[in-house]
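Worksheet: one structure, shown below.
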Amino acid sequence: MTRLWSVLTLTVLAPLAAAGVTVVKTANPAGPVAPGETIQYTVTISNPSNFDRAITSFYDLVPENTSYLSGSLTLSPFTPDSLWYHQGQIFNTGDLHLPANGSTTIRFRVQVGLAPPGGVIENTALTNFGASNTASNGLAAGPLLYAQLDVDPPGVVTPGELLTYTLTIINYGFGAAAGTQVLAPVPSLADFEPGSVQVTGATGIFGHHAPSDSVRTDAAGLAIAARRVATLQYAVRVDGSLPDDVQIDHTAQVDGIPTNTVTNFTATLSDYVDLTDVPGNVVVTDPSPFDLTGFALAGCDFDNDGKGDLVIGDHLGNDEGTRSGVVHIVYGGFGLSGQVTLPSGGAATTQIRPPQGTTWFGFSLAAGDFTGDGVDDLLIGAPGTQGAGPGQAFLVAGGGFAEVIDLEVTPPRSVISGAGLMALGWNGAAADFNGDGQVDLVSGAPNFQVAGEFRGLVVVIPGGPALPASISLGAAPAGTSAIIGDAADG
C-alpha cells in the first residue's frame with residue numbers, strides 16, 4: 001500500500017517588535033519664573049509601533065508652591081471622561097488611547113505661588129510605560145500684587161459730601177513691581193476734588209487725567225518695592241443735586257485687573273441717625289489704615305464672667321508689620337459705653353494673633369462651647385489669601401483673660417486643615433447637629449472640587465472633650481460629616 005503523506009506548513013507572521021514608548025515632559029516657560037506667573041506643562045507620550053496601545057495609568061502631581069488653573073487640563077486625542085484633576089492630582093479613570101505611530105498629549109497650567117527666590121519647581125509625570133523626565137523651573141524674585149479699595153465714609157452720604165478713596169496695593173513678592181498701571185475712573189455722579197491725590201510707598205506719577213476724567217498713572221507706571229505696601233488716595237465730591245437713594249459705585253484697576261467695588265448711597269441728613277450720638281451706644285473703631293475690622297463678627301462669653309463679649313475679625317490686620325489678619329475681643333460689662341479704639345483703648349480687649357504663615361486669619365468667626373467644658377470657645381477661619389489655599393480653622397479655647405493670645409507661642413486647642421485649594425475656613429457655624437448634647441464645629445470650603453468641577457464642601461466635626469488637637473480632612477474624627485454641593489452649584 002502506498003501511503004500519501006500530506007505536510008501542512010503553518011506560517012505565523014509575527015508583528016515587528018514595538019519600539020519603546022517614550023514619555024517626555026516640557027514646561028513653558030522653561031526658565032526661571034516669579035510668583036503669579038503661569039507655567040504650562042505638556043506631557044507627550046509617543047508610540048512608534050504599528051499597533052494601538054492604551055495608557056492604563058497616568059498620574060501627575062501639581063508641584064509645591066503652585067496652584068492648578070481650573071479648566072486648563074486638555075487631552076489629545078480626546079477620550080471622554082477619562083482624565084481628571086482632583087485636589088492637586090491629575091490622573092486617569094479609564095484607558096487613554098495611544099495611537100499607532102502617533103502620540104497622546106496632555107497639557108495643564110499652574111500658577112506660581114509665593115516662595116522665596118532660589119528654589120526650584122519640579123514636575124514629573126508617571127505612566128504605565130515609566131516616568132517622564134523632570135521639568136524644572138527656577139524661582140525668580142518677582143512681584144505678587146494684591147489690591148484693596150476702600151471708601152470713607154462708607155455707606156450713606158449726603159449730596160455734596162466728599163468721598164475719599166484709598167487704594168492699597170500690597171506687593172507680597174520677593175521682587176520689586178515696576179510699571180504698575182493704575183486706572184480709577186471718577187464716578188459719573190461725582191467730581192474729582194483737586195489736590196486730593198496722595199501716594200505713599202510707591203514712586204511714579206499718579207494724578208487726575210482731565211480728558212478721561214480718571215485718576216491714573218502715566219505710561220511708566222508705579223514702582224513698588226518687594227514686600228512693601230503702597231497706598232493711593234484721592235477724593236471726589238458727590239453731586240449736590242442728587243436725590244435720595246442714588247447708588248454711587250467705584251472700581252479701580254491694577255494692571256488691568258479690577259479691584260473690589262465700593263458702594264455709597266445718597267440720603268439727606270434727616271433720613272438717618274448717627275449712632276455715635278445715641279446715649280449708651282458703644283462705637284468700636286480701629287485707626288489702623290487699610291484694615292477690614294468688622295468683616296466678621298460673633299458674640300460669646302469668652303472670659304466666662306456671665307457677660308457677653310464682642311468678637312471682631314480683621315483678616316487684613318496689619319499687626320507687627322504683617323497683613324496675616326487678627327481677631328479682637330471686646331469684653332462686655334456694666335457701664336461699657338462710648339468709644340473703644342482697638343487694639344486696647346477704652347475697654348478690656350484681647351487681640352488673637354495667628355501662627356506664622358497664616359493668611360486671612362479672622363475671615364470667618366463662630367462661637368460656642370465646642371470642647372464641652374461649659375465655656376464658650378472661638379472657631380476662627382483662615383481660608384488663605386484671596387481664598388486661594390487649602391485653608392485652616394483654628395479653635396481657641398475660652399476662659400481667662402489675656403491682652404494678647406499669640407497662637408505662634410500658645411498653640412490653639414485644635415487646628416482643622418484643608419487640602420488643595422479648597423479655602424477651608426471661608427465661613428463657620430456652631431450647633432449640636434448630631435443631637436449628642438455637644439456643640440459641633442462647622443466650616444465651609446467653597447473651592448472644593450470634584451473631577452475638576454467646583455462643588456464646595458461643608459464639614460461638620462463632632463465637638464466635645466475628645467476633640468483632637470490636629471484634624472486633617474483626609475483623616476477626620478469618627479462621626480465627621482461632609483456635605484458636597486451639586487455640579488450645578490458651581
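Taking the criterion of being crowded, with 19+ Cβ neighbours inside 10 Å and closer than 30 Å to Ala177 by Cα, would at least one residue in region 118-128 satisfy it?
Within region 118-128 (the criterion being crowded, with 19+ Cβ neighbours inside 10 Å and closer than 30 Å to Ala177 by Cα), the answer is yes, since at least one residue qualifies.
Which residue, of Asp249, Asp301, Asp255, is at pLDDT 90 or above and at positive phi?
Asp255
All but one of (1) more than 30 Å from Phe206 (Cβ to Cβ); (2) out of contact with any Phe, Trp or Tyr (no Cβ under 6 Å at 6 or more places or on another chain); (3) in contact (Cβ under 8 Å) with a residue 40 or more places away in the chain hold for Ser82; which doesn't?
All conditions are met except number (3).
Exactly one condition in (1) crowded, with 17+ Cβ neighbours inside 10 Å; (2) at pLDDT below 90; (3) in contact with a His (Cβ under 8 Å, 6 or more places away or on another chain) is false for Ala34; which is it?
Every condition holds for Ala34 apart from (3).
Given the conditions (1) within 30 Å of Thr285 (Cα to Cα); (2) of a type in the set (A, V, I, L, M); (3) crowded, with 18+ Cβ neighbours inside 10 Å, and given that Ile90 satisfies all but one, which numbered condition is not satisfied?
Against the list (1) within 30 Å of Thr285 (Cα to Cα); (2) of a type in the set (A, V, I, L, M); (3) crowded, with 18+ Cβ neighbours inside 10 Å, Ile90 comes up short only on (1).
With the structure loaded, tell me whether Thr79 is at pLDDT 85 or above and either surrounded by 14 or more Cβ atoms within 10 Å (Cβ to Cβ) or in contact with a Lys or Arg (Cβ under 7 Å, 6 or more places away or on another chain) (or both) or whether it fails that test.
no
I need the full set of residues from region 162-180 which are farther than 30 Å from Gly118 by Cα and surrounded by fewer than 16 Cβ atoms within 10 Å (Cβ to Cβ), in order please.
If the condition is that a residue be farther than 30 Å from Gly118 by Cα and surrounded by fewer than 16 Cβ atoms within 10 Å (Cβ to Cβ), then Leu162, Thr164 are the ones that fit.
When the residues of region 223-234 are narrowed to those that are assigned to a strand (DSSP E or B) and surrounded by fewer than 20 Cβ atoms within 10 Å (Cβ to Cβ), which ends up modelled with the lowest pLDDT?
This residue is Arg228.
For region 471-480, name all the residues that are loosely packed, with under 15 Cβ neighbours inside 10 Å and within 30 Å of Leu73 (Cβ to Cβ).
Ser472, Gly474, Ala475
Residues in region 47-59: is at least one closer than 30 Å to Pro143 by Cβ and touching a residue at least 12 places away in the same chain (Cβ under 8 Å)?
no
Please enumerate the residues belonging to region 320-354 that are more than 15 Å from Asp309 (Cβ to Cβ) and either at pLDDT 85 or above or of a type in the set (Phe, Trp, Tyr) (or both).
Hits for region 320-354 are Ser324, Gly325, Val326, Arg353, Pro354.
So, in region 285-309, exactly how many residues are in contact with a His (Cβ under 8 Å, 6 or more places away or on another chain) and either within 14 Å of Gly400 (Cβ to Cβ) or not in a loop (DSSP other than H, G, I, E, B) (or both)?
Residues that pass the stated criteria total 1.
Taking Ala220 and the conditions (1) at pLDDT 95 or above; (2) assigned to a strand (DSSP E or B); (3) hydrophobic (A, V, I, L, M, F, W, C), which numbered condition does it fall short on, given that it satisfies the others?
Ala220 satisfies every listed condition except (2).
Restricting to region 194-217, count the residues that are farther than 18 Å from Leu149 by Cα and in a loop (DSSP other than H, G, I, E, B).
Count: 5.
Could you tell me which residue of region 254-270 is surrounded by the most Cβ atoms within 10 Å (Cβ to Cβ), considering only residues that are of a type outside the set (Val, Ile, Thr) and farther than 19 Å from Asp152 by Cα?
Asp255
Could you check region 43-64 and list, in sequence order, the residues that are more than 19 Å from Gly94 (Cα to Cα) and buried (at least 16 other Cβ atoms within 10 Å of the Cβ)?
Passing the criteria: Ser49, Val62, Pro63.
Quick one: in region 188-222, of everything that is loosely packed, with under 15 Cβ neighbours inside 10 Å and among the polar types (S, T, N, Q), which residue is nearest to the chain's Cα centre (by Cα)?
Among those residues, the one meeting the criterion is Thr200.
When you look at Thr104, is it modelled with pLDDT of 90 or more, farther than 29 Å from Gly142 by Cβ, buried (at least 20 other Cβ atoms within 10 Å of the Cβ) and of a type outside the set (A, V, I, L, M, F, W, C), yes or no?
So Thr104 fits the description; yes.
Out of Leu145, Leu114, I need the residue that is in contact with a Pro (Cβ under 9 Å, 6 or more places away or on another chain) and over 14 Å from Ile45 (Cβ atoms). Which one?
Leu114
Kindly state which strands (runs of 3 or more DSSP E) lie completely within region 366-470 and contain at least 3 residues that are crowded, with 18+ Cβ neighbours inside 10 Å.
377-382, 392-396, 414-417, 427-431, 440-445, 457-461
The values are calculated or read from the model by the stated rules, or taken from the named source; none is laboratory data. Nothing here was measured: the structure is a model prediction, and the numbers come from that model. Every residue, glycine as well, gets a Cβ built from its backbone with ideal geometry; the counts of neighbours run over all protein chains shown.
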